[in-house]
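Single-structure report; data block below.
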Amino acid sequence: MPEDKAVHGKLYRTSHYINKRTGELVERLHFICDTLENADYLVPALIYKVQVTQSPKFKRLLPLLSQVPGRSGIRFHRGSLPEHSKGCILISASMEQSLTARWLSEQSASDETRLEICNNINYYRNEK
């Protein structure tokens, strides 16, 4: 399947557990990092605009998903347990700065970075 040039990254939810969802963040079919979400607060599987902005809560630049239905302030930030999130997408502490810098660079080069969230891991495996 040809890559949609408007979508810079995809988050594939790979495993489903009672209290969490794990996934893989991929850009242009290259693995970037693992993700973790609290199963009680999953972000709907849609395409989102991503902007790197200052987080009022964390007091640092972090990627923010725009127009999440019925919610606001959904970000990528570091965390290792589902309880560390009330809806945000968790990544490792070592990846937080790298991912933020990568998307901030794309944001400077163009006016839009987009992320697609997919529930089906088989879609990812078939794209490879």
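Given the condition in a loop (DSSP other than H, G, I, E, B), among the basic types (Lys, Arg) and in contact with a helix residue (DSSP H, G or I) (Cβ under 7 Å, 6 or more places away or on another chain), answer yes or no: does some residue in region 78-85 qualify? Scanning region 78-85, I find no residue that is in a loop (DSSP other than H, G, I, E, B), among the basic types (Lys, Arg) and in contact with a helix residue (DSSP H, G or I) (Cβ under 7 Å, 6 or more places away or on another chain), so the answer is no. Comparison of GLU106, GLU83, GLU112, GLU37 shows that the only residue that is of a type outside the set (Ser, Thr, Tyr) and either touching a His at 6+ places or on another chain (Cβ under 8 Å) or under 13 Å from LYS10 (Cβ atoms) (or both) is GLU106. Considering region 40-86, and only residues there that are in contact (Cβ under 8 Å) with a residue 60 or more places away in the chain, of a type outside the set (A, V, I, L, M) and more than 17 Å from GLU112 (Cβ to Cβ), the residue that is surrounded by the fewest Cβ atoms within 10 Å (Cβ to Cβ) turns out to be PRO44.
Every number in this text was worked out from the coordinates using simple rules, so none of it is lab data. All values reported here derive from a predicted model rather than from experimental measurement. Heads up, the Cβs are rebuilt from the backbone with ideal geometry, glycines too, and the neighbour counts pull from every protein chain shown.
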